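Undergrad: Sharing a structure, written as structure tokens. Questions coming.
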Amino acid sequence: MGYNKLVFFVLVSIVFFASFVIAGHVITTSAGGSSYSVDEDVGSVYNITVNNTDTTAAANISQVNITIPGTFSFSLDSNGTNAGTHTFTNTSTVLTWDNDGLVMNLTWNHFWFTATASTPGTYNLTVTTLNATSSYETNISVTVNDTTDPSSIDFVSPSETDNTNLSRSNIAVNVTGTDNGVIDTIIIRLFNSTRDQINSSSSSTSPVFINFTGLSDGVYYFNATINDTYGNENFTATRTVTLDSSAPAITLIYPDDLASATTNEYNFTFNVTDDQDVSNCSLILDGSVAHMITNINNSGGTMGMYNSSLGTGSHTWSVNCTDVAGNVDNSSTRTFTVTTASSSSSSSSPDGGYAILRPKESELNSGYRKAMQEEWEISFKVGDRSHTLKINEIMDSSLKFSISSETQEATLSVGEEKKFELTGDNYYDLSVTLNSIDIAWKNKADITVNTIQEEILEPKSEKVQEEEKSETVPQPAATREDLGDEKGISWLWIIAIIVIIVGIFYGAQKYKMSRA
């Protein structure tokens, strides 16, 4: 009995399986497969084969429904079938073909349409077939390939601003990225001044933040790239950052420490050096900011800031400078004194400066240096005669002035020196040098006036120069005119000889005729 029951069970199973296959609906692609692979944002044709394997008339398929994913867009009027007479309806996601004999038993028909997938990923087309007794459902897999670059990758706060100067040793970078598919990698890269990559950071999620630390002074570059899982790429622009933790170096020039003079006006000069641009420098006079300048030479050129009307007594001065990275340097502090006792004197001009300066003889002998404005004068003596040097015009890089009692006018360029004879003894008595011009502060010319005793070496006279020239220049050969007399004498001798020969010949002929 056990054996018979086993045989019966096997037979029933075979019949049941056969009935399932025979009565089934086989759904495939038109190529016989079970999946599609399409590109995003491209209209693709989907052709589905419905094979009715049922053997009974009641199993004729009367309706085929195809449900598409919500991220797919059906193309209107792109539907079709070879099933003959039918009706077609659709919603946004369900496509329906209807007819009592849409797919007869033991036959198959094709159903096609066009749709566009907007988002990469793997999805299902669900195919539902209905007959008089039941319905069948089958999924066709669709892989939507990502063909679009990631839509964005951007620097966000607290990323360093492009072309910025920082007084520190770190660079912060924060990046966000988006993609309509799946982000694979976001990479931030850091480069040195020679554009060699020196560091990087990566992540598969957005945002990505990295703080590059322990960096030395110099120029750096950074950028970022984003890749999705299909290899599509997008990237940022490259930003430049300069790290500078070194302050400017300031050297004070004039006036000297512990200087003492009767003048109450000074051009405070200094120089500054820095690898980066210097934003500004300030003159600190007696503990307070007296002046500030912004057009700075950061390679050691002499800079100056004027101040006038200083009170009698002791004063202090220093300079501080700030570079573009915010580094600040304060120079040393110098002390100078404005005194009242002096044999030299001056007259005040309407704007509070000095119109007529009268330096002491000792000051002129050692070189009297002064910042002068137009119309200012220096009154001085050479021997027992009084003279005046007057500033006539100050230009960007030159100076016009005159010296009298016997007026002499001259023009000096910056750095140029000229000498003047004032007493008629063939010796230079005065030299004037133009040190610098500052047109930013009352248009002043910094000059040095010095009394001298220097012999004037007279140039050679024209006669002496001609004589020396004749001694060294070779004499030319005799010309045809020079030889004219000698040639005239030679021709006279030739003519005389010819006359004698002709006379002898004539006499001989006459003698022969007389003999005949």
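The values are calculated or read from the model by the stated rules, or taken from the named source; none is laboratory data. These numbers come from a predicted model, not from an experiment. So basically every Cβ, Gly included, is an ideal-geometry build from the backbone, and we count neighbours across all protein chains shown.
Undergrad: Find the residue count for region 113-140, including only residues that are part of a strand (DSSP E or B) and either within 57 Å of the chain's Cα centre (by Cα) or over 15 Å from S35 (Cβ atoms) (or both). Step through it out loud before you land on a result.
TA: Our first condition is that a residue be part of a strand (DSSP E or B); within region 113-140, this holds for 113-117, 121-130, 135-140.
Next, only the ones that are either within 57 Å of the chain's Cα centre (by Cα) or over 15 Å from S35 (Cβ atoms) (or both) stay: 113-117, 121-125, 128-130, 135-137.
Result for region 113-140: 16.
Undergrad: A further question follows. Is at least one residue of region 156-164 surrounded by 17 or more Cβ atoms within 10 Å (Cβ to Cβ) and outside any loop (DSSP other than H, G, I, E, B)?
TA: No.
Undergrad: From the set of residues in region 69-96 that are over 21 Å from D41 (Cα atoms) and buried (at least 19 other Cβ atoms within 10 Å of the Cβ), which is modelled with the lowest pLDDT?
TA: A83
Undergrad: To continue, here is another question. So, restricting to strands (runs of 3 or more DSSP E) that lie completely within region 279-323, which ones have at least 2 residues that are farther than 12 Å from F268 by Cβ?
TA: 288-293, 313-323
Undergrad: For V175, indicate whether it is of a type in the set (V, I, T) and modelled with pLDDT under 95. Write out each step before concluding.
TA: Details: of a type in the set (V, I, T): yes; modelled with pLDDT under 95: no.
No, not satisfied.
Undergrad: Now for a separate question. Identify, please: which residue in region 228-267 is part of a loop (DSSP other than H, G, I, E, B) and aliphatic (A, V, I, L, M) and is, among those, modelled with the highest pLDDT? Lay out the reasoning, then the answer.
TA: Within region 228-267, the first condition is being part of a loop (DSSP other than H, G, I, E, B), and the residues that meet it are 229-232, 236-238, 244-248, 255-258, 262-265.
Subsequent filtering for residues that are aliphatic (A, V, I, L, M) retains 237, 247, 258.
Working: A237: 97, A247: 94, L258: 93.
Within region 228-267, the match that is modelled with the highest pLDDT is A237.
Undergrad: Can you find a residue in region 308-316 that is assigned by TED's automatic domain parsing to the domain that holds D256 and farther than 30 Å from E377 by Cα?
TA: The answer is no; no qualifying residue exists.
Undergrad: Scan region 69-100 for residues that are under 19 Å from S135 (Cβ atoms), of a type in the set (S, T, N, Q) and part of a strand (DSSP E or B) and report the count.
TA: Pass one, region 69-100, residues under 19 Å from S135 (Cβ atoms): 81, 83, 86-91, 93-100.
Narrowing the set further to residues that are of a type in the set (S, T, N, Q) leaves 81, 87, 89-91, 93, 96, 99.
Next, from what is left, pick out any that are part of a strand (DSSP E or B): 81, 87, 89-90, 96, 99.
Residues flagged as under 19 Å from S135 (Cβ atoms), of a type in the set (S, T, N, Q) and part of a strand (DSSP E or B) within region 69-100 amount to 6.
Undergrad: Given G214, G181, G177, which one is assigned to a loop (DSSP other than H, G, I, E, B), buried (at least 18 other Cβ atoms within 10 Å of the Cβ) and not assigned by TED's automatic domain parsing to the domain that holds T55? Break it down into steps so the answer makes sense when it comes.
TA: On the way: G214 fails: buried (at least 18 other Cβ atoms within 10 Å of the Cβ); G177 fails: assigned to a loop (DSSP other than H, G, I, E, B).
Answer to the check: G181.
Undergrad: Could you check region 422-452 and list, in sequence order, the residues that are without any contact (Cβ under 8 Å) to a residue 24 or more places away in the chain and in a loop (DSSP other than H, G, I, E, B)?
TA: G424, D425 - these are the residues of region 422-452 that are without any contact (Cβ under 8 Å) to a residue 24 or more places away in the chain and in a loop (DSSP other than H, G, I, E, B).
Undergrad: While we're looking at this one, here's another question. Under the condition of being in contact with a Gly (Cβ under 9 Å, 6 or more places away or on another chain) and not polar (S, T, N, Q), which residue from region 43-68 is modelled with the lowest pLDDT?
TA: D54
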